[in-house]
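The values are calculated or read from the model by the stated rules, or taken from the named source; none is laboratory data. Quick caveat: nothing in here was measured; it's all calculated off a predicted structure. Glycine gets a Cβ as well: all are built from the backbone with ideal geometry, and neighbour counts include every protein chain shown.
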Amino acid sequence: MSNPEPILVKAANMEFNRWADFLHHRPYTTKVVAEFVDEIEDAFEKIRDHPNRYPLEGYSDYRKFGPTPKHHFKVIYTVRNGVTWIVAIAHPARRVRYWARRKLKP
């Protein structure tokens, strides 16, 4: 039996779409956008399959996957009551822990 799919909180879903849209509207090829999407979706699968494998983010119950190999994003998540919540698709230039107050709801 496999673990349930991670749930993206609303702000993380918006971030994911915003970054894909940002890449799409820059002078990048569609291949770059597809690589970004594949990289993040691959991170979601690895988190789903092994949610406790990745290091804690500071002194909290949040964990981080990444940075991803090509685009250097971190996927920040937590596991609560058996549910994996993706709270941020964090670009390395973003302020540290900007996502810390996000509510865990889709």
- All-but-one check, Pro67 against (1) part of a helix (DSSP H, G or I); (2) within 21 Å of Ala93 (Cα to Cα); (3) of a type outside the set (D, E, K, R); (4) modelled with pLDDT of 85 or more, failing number (1)
- Residue list for the range 1-20, filter: outside any helix (DSSP H, G or I) and among the acidic types (Asp, Glu): Glu5
- Task: Go through (1) modelled with pLDDT under 90; (2) closer than 12 Å to Ile7 by Cα; (3) surrounded by 14 or more Cβ atoms within 10 Å (Cβ to Cβ) and name the single condition Lys105 misses.
- Result: (3)
- Restricting attention to the range 48-92, which residues are in contact (Cβ under 8 Å) with a residue 60 or more places away in the chain and surrounded by fewer than 16 Cβ atoms within 10 Å (Cβ to Cβ)? Gly82, Val83, His91
- Of the conditions (1) in a loop (DSSP other than H, G, I, E, B); (2) among the hydrophobic types (A, V, I, L, M, F, W, C); (3) over 12 Å from the mean Cα position of the chain (by Cα); (4) more than 19 Å from Phe22 (Cα to Cα), Ala93 fails just one. Which one is it? (4)
- Query: Which members of the range 57-72 meet the condition of being under 17 Å from Pro6 (Cα atoms) and under 14 Å from the mean Cα position of the chain (by Cα)?
  - Reply: Tyr62, Arg63, Lys64, Phe65, Gly66
